[in-house]
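Heads up, the thing below is written out as structure tokens.
The values are calculated or read from the model by the stated rules, or taken from the named source; none is laboratory data. Only a predicted model underlies this, so the values are computations on that prediction, with no experimental measurement involved. FYI the Cβ positions are ideal-geometry reconstructions off the backbone, even for glycines, and counts take in every protein chain you see.
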Amino acid sequence: IGQSAILAGMVQNPNRFRIDREGGSIVDDDGTTYNKKADGSIDDVDQSTIQALYTLRDNGEITQEQLVNAADGYSETKGRQLYVLSRMEADGKITHEQYSRRSVRGADGARRCHGDRCQGRRAHRGGAGARGRLP
């Protein structure tokens, strides 16, 4: 669902909402880049872009750590995904639980680990990958 929401949102402006340009897909007049790979900080993210995550945090549905993990990396694309997910919820296509669960994953699908806890894709276990494939 989360990946589908990213793809659905990208069609509005595919060059802006890219998730394959690690250095950023948006460049302002002074050369500052945005919508880039995760760098451990959301200080450069406009709060309005990811307001839905702040709302989930303020309602006690996610933690501050989950907010940072979800918003760090391709934040403009994440904001667009959040919009698509909110429309899917409002239209009755997904439940609020599905919305919340998909909202805390990074836009690039990457796993973000802190200690022994990870966000995003499942952690690699034993000899099989996340879907049972051998490496």
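Residues in the stretch 1-41 that are among the hydroxyl-bearing types (Ser, Thr, Tyr), surrounded by fewer than 17 Cβ atoms within 10 Å (Cβ to Cβ) and under 15 Å from the mean Cα position of the chain (by Cα): SER4, SER41. The C-beta contact set for the stretch 42-60 (first residue surrounded by 13 or more Cβ atoms within 10 Å (Cβ to Cβ), second residue part of a loop (DSSP other than H, G, I, E, B), distance under 6 angstrom, 6+ apart or interchain) comprises ILE42/ASP72; LEU56/ILE62.
Taking (1) surrounded by 15 or more Cβ atoms within 10 Å (Cβ to Cβ); (2) not in a helix (DSSP H, G or I) in turn, GLY92 satisfies each apart from (1).
Candidates ARG21, ARG16: the one that is modelled with pLDDT under 95 and in contact with a strand residue (DSSP E or B) (Cβ under 8 Å, 6 or more places away or on another chain) is ARG16.
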